[in-house]
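Novice: Okay, handing you the structure first.
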Amino acid sequence: MTVWQIILLASILVLGIKLLGYVVPPRVLQAPTAARTAELTTVALLSALIVVQTIGVGQGVVIDARLPALGVAAGLFALRVPFIVVIVAAAATAAAIRAMGWN
Amino acid sequence: MSAEAERSAAWRASLAVGLAVSAYGISFGALAVASGLDIWQACLLSLVMFSGGSQFALIGVLASGGVAAGPAAIVGATLLGLRNGLYAIRVSPIIGPGWPKRLLAGHLTIDESTAVATAQPTLEGQRVGFWATGAIIYVGWNLMTLLGAVLGNLLGDVRQFGLDAAAGAAFLGLVWPRLIALQPVVVAVGAAVVAAVLLPALPQGVPVLVAALVAVAVGVPNFFGVRPRSGDPISGEAGL
């Protein structure tokens with residue numbers, strides 16, 4: 001697969017799911033198990049992605065400046081700091097740690 | 001509250017949410033080019049996929065696994081997009097009939113447009129909230145993606161600027177507002193542990209998909225959950 005094919009296929013699938021929701025009768029949502037599991041799937045995927053992005057390197061694990069940066073982000077989210085500020089602070093934390101020579 | 005006051009309240013909520021979320025598109029654009037996409041590929045994702053979580057998931061897997069991880073990247077992005085289908089079912093009555101309108105609404109159905117719409121007390125306010133939030137974010141998110149992609153290209157070595165660390169923080173920001181009860185917290189911790197353990201053992205992208213099964217294992221039998229109350233099937237009050 002090329003990058004373009006991956007991007008187009010994934011985009012069409014994600015858009016298709018949105019459109020599908022408009023042809024499904026609303027009573028589907030009344031099945032609480034489906035709604036609950038779908039919402040929890042979002043949580044599980046995002047949580048797993050945090051781990052992969054923070055300690056993953058290819059097919060392996062490494063602890064580096066990304067981990068303290070994530071800690072800073074968690075602290076700022078807990079303080080209800082706006083999203084974009086937290087992202088910048090996390091990047092700045094990792095950049096500062098690397099500038100000081102620790103990876 | 002008068003109808004006029006309700007409309008302007010919906011507009012205010014849409015603007016506040018819309019501008020904040022749009023600004024964050026700049027980090028998507030920058031991370032996308034850091035992941036090996038070109039500027040047009042980054043922009044196409046924001047134009048067509050238009051769902052922050054799925055977009056970040058796709059570029060995250062591509063960044064570590066390259067095109068070899070393409071299938072896992074596609075499945076991950078699609079699974080993360082499933083919730084948009086649920087949102088669509090929920091806002092469908094707010095949008096009303098007429099296919100052109102529903103097609104356009106479908107494209108704008110994301111976390112924020114749904115959240116602002118369903119938070120308004122009247123149907124009129126819900127309509128304003130959905131369309132205003134969706135339109136503001138669509139325009140802003142795409143402009144900021146382009147800006148971020150151009151800036152990311154100029155920056156060069158993204159590690160030096162800590163951009164690789166920004167991705168984890170971005171996902172944390174997306175999951176944070178969902179951790180409002182014991183059940184999602186248990187799922188989040190479980191999925192994180194599963195992903196960490198499997199990371200060295202499985203091809204790139206696959207640990208994330210396996211970790212998603214934690215949601216099924218907890219969600220279907222409703223472990224750690226609250227019994228749904230009548231008329232309020234989704235939001236419980238088991239706050240931490």
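The values are calculated or read from the model by the stated rules, or taken from the named source; none is laboratory data. Here the structure is a predicted model, which is why all the values come from computation and not from measurement. As a convention, Cβ positions derive from the backbone with ideal geometry for all residues, glycine included, and neighbour counts pool all protein chains shown.
Novice: Give the residue that is nearest to B:A105 (Cα to Cα), with candidates limited to residues of the range A:2-13 that are in contact with a Leu (Cβ under 8 Å, 6 or more places away or on another chain) and facing chain B (nearest Cβ under 7 Å).
Specialist: A:S11
Novice: Here's another thing I want to ask about it. Among the residues of the range B:176-198, what is the count of those that are modelled with pLDDT under 90 and facing chain A (nearest Cβ under 8 Å)?
Specialist: Number satisfying all stated conditions: 1.
Novice: So, one more: For the range A:50-74, which positions are within 17 Å of the chain's Cα centre (by Cα) and modelled with pLDDT of 90 or more?
Specialist: Residues satisfying the conditions are A:I50, A:V51, A:T54, A:I55, A:R66, A:L67, A:A69, A:L70, A:G71, A:V72, A:A73, A:A74.
Novice: How many residues does the range A:53-103 contain that are among the aromatic types (F, W, Y) and touching a helix residue (DSSP H, G or I) at 6+ places or on another chain (Cβ under 6 Å)?
Specialist: Residues flagged as among the aromatic types (F, W, Y) and touching a helix residue (DSSP H, G or I) at 6+ places or on another chain (Cβ under 6 Å) within the range A:53-103 amount to 2.
Novice: Looking at B:A195, B:A215, B:A115, can you tell me which residue is in a helix (DSSP H, G or I), within 19 Å of the chain's Cα centre (by Cα) and crowded, with 22+ Cβ neighbours inside 10 Å?
Specialist: So the residue among B:A195, B:A215, B:A115 that is in a helix (DSSP H, G or I), within 19 Å of the chain's Cα centre (by Cα) and crowded, with 22+ Cβ neighbours inside 10 Å is B:A215.
Novice: Further question on the same structure: Run B:G156 past the list (1) within 14 Å of chain A (Cβ to nearest Cβ); (2) in contact (Cβ under 8 Å) with a residue 60 or more places away in the chain; (3) of a type outside the set (F, W, Y) and report the number of the one that doesn't hold.
Specialist: Here B:G156 clears every test but (2).
Novice: Being in a helix (DSSP H, G or I) and surrounded by fewer than 16 Cβ atoms within 10 Å (Cβ to Cβ) is the filter here, so list the residues in the range B:86-103 that pass it.
Specialist: B:P93, B:W99, B:P100, B:K101, B:L103 - these are the residues of the range B:86-103 that are in a helix (DSSP H, G or I) and surrounded by fewer than 16 Cβ atoms within 10 Å (Cβ to Cβ).
Novice: Okay, next question. When the range A:14-29 is examined, which residues are found to be assigned to a helix (DSSP H, G or I) and either at the interface with another protein chain (Cβ under 7 Å from one of its Cβ atoms) or crowded, with 17+ Cβ neighbours inside 10 Å (or both)?
Specialist: Listed by number, the residues that qualify are A:V14, A:L15, A:I17, A:K18, A:L19, A:L20, A:P26, A:V28, A:L29.
Novice: Among A:T37, A:T93, A:T33, which is within 7 Å of another protein chain (Cβ to nearest Cβ), assigned to a helix (DSSP H, G or I), more than 30 Å from B:P100 (Cα to Cα) and more than 20 Å from the chain's Cα centre (by Cα)?
Specialist: The unique qualifying residue is A:T33.
Novice: Mind telling me which of the residues B:D164, B:D111, B:D157 ends up being in contact with a Gly (Cβ under 9 Å, 6 or more places away or on another chain) and among the acidic types (D, E)?
Specialist: Just one listed residue meets the conditions, B:D111.
Novice: I'd like to know if the range B:66-84 contains one or more residues that are within 20 Å of A:V52 (Cβ to Cβ), touching a Gly at 6+ places or on another chain (Cβ under 7 Å), facing chain A (nearest Cβ under 8 Å) and among the hydroxyl-bearing types (S, T, Y).
Specialist: no
Novice: Right, another one. In the list B:V139, B:V116, B:V206, which residue meets the criterion of being within 27 Å of A:L79 (Cβ to Cβ) and either touching a Leu at 6+ places or on another chain (Cβ under 7 Å) or touching a residue at least 60 places away in the same chain (Cβ under 8 Å) (or both)?
Specialist: B:V116
Novice: Looking at A:V86, A:V81, which one is at pLDDT 90 or above, assigned to a helix (DSSP H, G or I) and of a type outside the set (S, T, Y)?
Specialist: A:V86
Novice: Report, ordered by the first and then the second residue, all pairs with beta carbons closer than 9 Å, sequence separation of six or more or different chains, a first member in the range A:61-77 that is surrounded by fewer than 20 Cβ atoms within 10 Å (Cβ to Cβ), and a second member that is of a type outside the set (D, E) and part of a loop (DSSP other than H, G, I, E, B).
Specialist: As it stands, the answer is A:V61/B:L199; A:V61/B:P200; A:V62/A:N103; A:D64/A:V57; A:D64/A:W102; A:D64/A:N103; A:G75/A:V81, since those pairs meet every condition given.
Novice: Would you please name the residue that is nearest to B:L213 (Cα to Cα), looking only at residues in the range A:40-66 that are part of a loop (DSSP other than H, G, I, E, B) and among the aliphatic types (A, V, I, L, M)?
Specialist: A:V57
Novice: Determine, yes or no, whether A:T41 is surrounded by 24 or more Cβ atoms within 10 Å (Cβ to Cβ), of a type in the set (S, T, Y) and closer than 22 Å to B:V75 by Cβ.
Specialist: Here the answer is no, as A:T41 does not meet what is asked.
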